[in-house]
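Below: one structure, written as structure tokens.
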Amino acid sequence: MSITVSGITRYYGTQKALDNVSFEIPSGQIVGFLGPNGAGKSTMMKIITGFLPPTEGNVNVCGLHINGNNLEARRKIGYLPENNPLYLDMYVTEYLLFVAEIYKLDNKRKRVEEIIETTGLIPERHKKIGALSKGYRQRVGLAQALLPDPEVLILDEPTSGLDPNQIVEVRNLIVKLGEQKTVLLSTHIMQEVQAICERVIIINKGVLVADESAENLEKGIQRSTANIFIEFDKPAAPEKINAITGVVGVAPKGNGWLVTAKAGKDVRPDLFRFAVENDLIILTLTIERESLEEVFQSLTV
Ligand code: ADP
Ligand code: MG
């Protein structure tokens with residue numbers, strides 16, 4: 001396992017920010033760590049990276065136990081903190097050389113050159129960090145995280161505050177990095193996860209509420225709430241639709257009805273029969289899929 005989080009609880013004073021959270025991430029996965037603001041994402045990431053001690057529980061990264069003093073373990077991790085603090089008065093190249101110095105890397109210049117190339121910083125390399133757009137600053141943050149060639153990348157809301165084009169560019173960069181590394185990235189945006197992650201871990205109020213492949217999460221919830229939208233050519237009696245076995249609710253929607261059926265029960269044949277018996281023509285019949293966005297909302301209320 002690349003990352004093993006076992007029973008992590010963290011209090012701030014009397015407030016419980018994380019409540020017995022456990023998960024494992026095998027090497028090479030890109031995992032989305034999703035939750036509304038205040039869910040505990042940044043707290044979890046600070047604990048994984050050894051910047052904050054947990055109140056209870058353990059974290060292992062690449063088989064090494066994480067604590068603030070375990071530099072060997074921390075060197076396995078590249079960390080892009082939330083609101084990444086950067087030295088705004090330093091030039092891009094100068095700053096990365098400075099970081100390479102802190103890590104005591106061999107061949108500093110060569111490594112910095114490589115990273116500038118990987119993160120697409122070539123056109124901006126001679127500028128002061130303070131003069132860069134938010135998107136390029138984020139790339140400098142990623143470059144810094146990548147310098148020691150870590151096996152694991154922990155990225156805290158890497159696209160927050162970027163414009164739509166920058167978001168696409170940074171996401172593409174993360175996908176590229178994910179080919180070589182294990183990536184855990186936090187976000188409060190569901191589409192972000194759909195765009196780049198193979199797996200989703202959702203926390204809400206410090207509690208883990210889902211840990212699934214993005215695909216399964218979508219399918220699983222869809223099965224439990226089969227909604228069918230149906231439209232007839234003439235007014236229909238909702239109480240008769242409601243009487244169909246397996247139908248648990250009928251609500252008006254647009255020019256038709258939203259029929260909610262029990263999980264696993266396909267009521268479409270009965271709806272056709274109902275239409276024929278009542279001299280109605282079906283104009284539309286569609287199964288409404290719950291989007292991942294709605295799944296997220298239902299899990300984090
Ligand atoms: P997220 O990153 O998901 O938005 P955080 O981990 O930043 O969530 O915060 C989780 C909870 O812990 C929030 O209620 C937040 O107010 C609280 N919290 C975070 N950092 C501190 C701190 N340094 N002191 C006190 N409370 C904090
Ligand atoms: Mg946060």
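The values are calculated or read from the model by the stated rules, or taken from the named source; none is laboratory data. Predicted, not measured: the structure shown is a model, and the values here were computed from it. Note: ideal-geometry Cβ built from the backbone for every residue, glycine included; neighbour counts use all protein chains shown. What goes into the accessible areas is simple: the full protein's heavy atoms, side chains included, and nothing from ligands, DNA or RNA. Shrake-Rupley method; radii C 1.70, N 1.55, O 1.52, S 1.80 Å.
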Next item on the list: Test each condition in (1) surrounded by fewer than 17 Cβ atoms within 10 Å (Cβ to Cβ); (2) in contact with a Cys (Cβ under 7 Å, 6 or more places away or on another chain); (3) not polar (S, T, N, Q) for Glu94 and report the one that comes out false.
Entry: (2)
Notebook entry, point to check: Looking only at region 150-170, which residues are away from ligand 2 (no atom under 16 Å from the Cβ), over 22 Å from Ile77 (Cβ atoms) and of a type outside the set (Val, Ile, Thr)?
Noted result: Asp163, Pro164, Asn165, Gln166, Glu169
Next item on the list: Kindly check whether there is at least one residue in region 232-244 that is exposed (fewer than 15 other Cβ atoms within 10 Å of the Cβ), outside any helix (DSSP H, G or I), within 18 Å of the chain's Cα centre (by Cα) and away from ligand 1 (no atom under 16 Å from the Cβ).
Entry: no
Margin query: For region 82-111, which positions are modelled with pLDDT under 90 and closer than 28 Å to Gly161 by Cβ?
Written below: Asn83, Asn84, Pro85, Leu86, Ile102, Tyr103
Item checked: Failed item, numbered, when Leu153 is tested on (1) crowded, with 19+ Cβ neighbours inside 10 Å; (2) in contact with a Gly (Cβ under 7 Å, 6 or more places away or on another chain); (3) modelled with pLDDT under 95 -> (3)
Margin query: Just the residues that are surrounded by 14 or more Cβ atoms within 10 Å (Cβ to Cβ) and at pLDDT 95 or above, please, taken from region 17-28.
Written below: Ala17, Leu18, Asp19, Asn20, Val21, Phe23, Ile25
Notebook entry, point to check: Can you tell me which residues in region 35-49 are open to solvent by 10 Å² or more (accessible area, probe 1.4 Å) and farther than 26 Å from Gln297 by Cβ?
Noted result: Lys46
Check: Gly32: within 13 Å of Ile201 (Cα to Cα) and either crowded, with 16+ Cβ neighbours inside 10 Å or within 14 Å of ligand 1 (Cβ to nearest atom) (or both), yes or no?
Finding: yes
Check: Condition test on Asp89, is it acidic (Asp, Glu), within 16 Å of ligand 1 (Cβ to nearest atom) and in contact (Cβ under 8 Å) with a residue 12 or more places away in the chain?
Finding: no
Next item on the list: Please determine, by comparing only the residues of region 171-189 that are crowded, with 21+ Cβ neighbours inside 10 Å and at pLDDT below 95, which one is nearest to Arg75 (Cα to Cα).
Entry: Ile174
Checklist line | Total residues in region 258-286, condition at pLDDT 85 or above and within 34 Å of the chain's Cα centre (by Cα) | finding: 7
Checklist line | Test for Ile66: is it within 11 Å of ligand 1 (Cβ to nearest atom), touching a Lys or Arg at 6+ places or on another chain (Cβ under 9 Å) and more than 26 Å from Glu215 (Cα to Cα) | finding: no
Margin query: From the list Thr4, Thr14, exactly one residue is open to solvent by 10 Å² or more (accessible area, probe 1.4 Å), in contact (Cβ under 8 Å) with a residue 24 or more places away in the chain and away from ligand 2 (no atom under 16 Å from the Cβ). Which is it?
Written below: Thr4
Next item on the list: May I ask you to list pairs of residues, at least six apart or on different chains, whose Cβ atoms are under 8 Å apart, with the first in region 71-84 being part of a loop (DSSP other than H, G, I, E, B) and the second being polar (S, T, N, Q) and modelled with pLDDT under 85?
Entry: none
